Amino acid sequence: TGILGLVGCSSIGTKPYQDLTATDVSSATVLLQPPDKMLQVEEPDRLIGLLQDVVIYEEDNSYLEYAGQAVTFQLTMSDGTQTDITAYNPFLIIDGTGYRTEYEPCEALNRYANELLNSGDAAVVLEEPPVLSGARGETVVTAVLDTYS
């Protein structure tokens, strides 16, 4: 029974945002990669509802081996802290740590982000990665761009 108990524990999911409310969040943005656009989430109520439904399972960083669209929601909380939540089905990445997740709630976050992009109603905060360069004297060095957040 000890082995069965351990196997059963790994399939029990948790809802890390089930108690999240609109008063907890002071602002939110979403970065869609591709097309590398960041949007302001003007009314986060729907986003909060979608996050409340997300279920995560065991930690799994194999998302690094996947390709596809990632949508990263950056929440600034009422206490000033920030958290990054990336929907990258079948993974949810919370502040850099990947977790297996249920497909439908994660897909709903992706659909929501793309609806914001396609509606044209959300304010575009950033359309391409910022340029990083440094100078010393007359020498200027510019970083090669890759992905960003």
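The values are calculated or read from the model by the stated rules, or taken from the named source; none is laboratory data. Predicted, not measured: the structure shown is a model, and the values here were computed from it. Don't worry about glycine lacking a Cβ; one is built from the backbone with ideal geometry, like all the others, and counts go over all protein chains shown. The area values use the complete protein model at the heavy-atom level, side chains included, leaving out ligands, DNA and RNA. Shrake-Rupley method; radii C 1.70, N 1.55, O 1.52, S 1.80 Å.
Some notes on this structure:
- Within region 12-30, being among the hydrophobic types (A, V, I, L, M, F, W, C), surrounded by fewer than 15 Cβ atoms within 10 Å (Cβ to Cβ) and over 24 Å from Tyr57 (Cβ atoms) holds for one residue alone: Ala22.
- On the stretch given as region 34-66, residues that are open to solvent by less than 70 Å² (accessible area, probe 1.4 Å), within 24 Å of Val124 (Cβ to Cβ) and either in a helix (DSSP H, G or I) or in contact with a helix residue (DSSP H, G or I) (Cβ under 7 Å, 6 or more places away or on another chain) (or both) total 9.
- Within region 67-82, considering residues that are outside any loop (DSSP other than H, G, I, E, B) and either surrounded by 14 or more Cβ atoms within 10 Å (Cβ to Cβ) or in contact (Cβ under 8 Å) with a residue 24 or more places away in the chain (or both), the one farthest from the chain's Cα centre (by Cα): Met77
- Residue match in region 25-47 (condition: under 26 Å from Ile12 (Cα atoms) and touching a residue at least 60 places away in the same chain (Cβ under 8 Å)): yes
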